[in-house]
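The values are calculated or read from the model by the stated rules, or taken from the named source; none is laboratory data. What you see is a predicted model; the values in this text were computed from it and never measured. Every residue, glycine as well, gets a Cβ built from its backbone with ideal geometry; the counts of neighbours run over all protein chains shown. Areas reflect the complete protein model, heavy atoms only, side chains present, ligands, DNA and RNA absent. Shrake-Rupley method; radii C 1.70, N 1.55, O 1.52, S 1.80 Å.
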Amino acid sequence: MSAKTPGTAIVIGASTGLGRALANALALKQHPLLLVASDQRDLDALAADLALRHGVPARALGLDLGREADPGAAVLAALRGLPAPDALLLPVGYSRHDDDFTLGVDAIGNLLAVNLHAPLAIVHALLPTLVEAHATVVLFGSVAAERGRGRNVVYAAAKRALLSLAESLRQRYRTRELRVQVYQLGFMQTNLTHGMKLPLPVADPDDVADTVVRRLRRGNGVRYLPRWWALIAFIIRGLPLFVFRRMKD
């Protein structure tokens with residue numbers, strides 16, 4: 001896919017936060033877009049705005065990842081008529097404050113559906129198309145998954161499983177066939193973090209999106225954003241258990 005004719009970029013979770021910032025950054029680079037999120041009305045407005053401002057095809061697919069049994073099939077069907085995809089980005093995530101060891105089975109299932117089943121099913125369904133186009137898959141993890149904790153239990157387990165998915169894809173496909181990138185994200189400016197007293201600075205979604213889009217064609221691997229989170233994650237992983245237990249989750 002030449003730099004002058006970008007392929008379609010698929011953004012899962014495109015309506016808010018990082019997903020919306022990625023959609024804007026991709027449209028600025030003239031990528032046709034397939035935008036996926038749960039709110040069809042909001043997505044329609046976003047797609048229309050990006051198409052008008054940047055002159056790119058932009059299609060919206062309303063999809064509830066927590067309820068859709070086969071999200072991959074729905075995304076694949078929505079691609080028809082668009083240029084071949086050269087990027088699949090999955091900035092999708094769902095967490096809840098009571099995600100400890102007291103959640104019921106339905107709540108656990110919903111967390112796993114959004115954070116693990118949907119990304120895995122979508123990647124699986126689109127793989128032949130992505131490999132044929134020598135595309136890039138971008139997964140988004142979390143520093144919350146660096147080590148098991150007393151909260152965000154299901155969320156963290158799902159995010160850690162995405163690292164295994166990325167490793168499996170990189171083992172199966174060479175870089176020239178499929179690039180697989182993972183971004184481990186720290187605190188970010190979102191509706192969920194607004195007003196919270198956090199121990200470390202929060203990242204601007206627009207800055208993160210710019211970095212991700214700029215590096216779309218730059219190989220495989222795991223990268224922390226902001227980059228200094230790599231050192232913090234290294235320290236957290238190396239702490240003795242008795243020390244880690246004394247820290248606030």
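Annotations
- Cα centroid separation, the range 20-38 to the range 61-89 (Å): 14
- Its relative contact order, with pairs defined as Cα atoms under 8 Å and 6+ residues apart, puts the chain at 18 percent.
- Angle in degrees between helix 205-214 and the longest Cα principal axis of the chain, rounded to the nearest 10: 60
- The residues of the chain expose on average 51 square angstrom of accessible surface per residue, using a 1.4 Å probe on protein heavy atoms.
- Percent accessible area from carbon and sulfur atoms, the chain, protein chains only, probe 1.4 Å: 55
- Helix-only mean residue ellipticity at 222 nm for the chain, each DSSP H run of n ≥ 4 adding -39500 (n - 2.57), per residue, nearest 500: -13000 deg cm²/dmol
- Convex hull of alpha carbon positions in the chain: directionally averaged projected area 13.5 nm².
- Total charge dipole magnitude, the chain, about the Cα centre, Cβ charges on Lys, Arg, Asp, Glu only, Debye to nearest 20: 1000
- Angle in degrees between helix 229-238 and the longest Cα principal axis of the chain, rounded to the nearest 10: 40
- Charges were assigned to the Cβ only: +1 to each Lys and Arg, -1 to each Asp and Glu. The resulting dipole of the range 30-138 about its Cα centre is roughly 380 debye.
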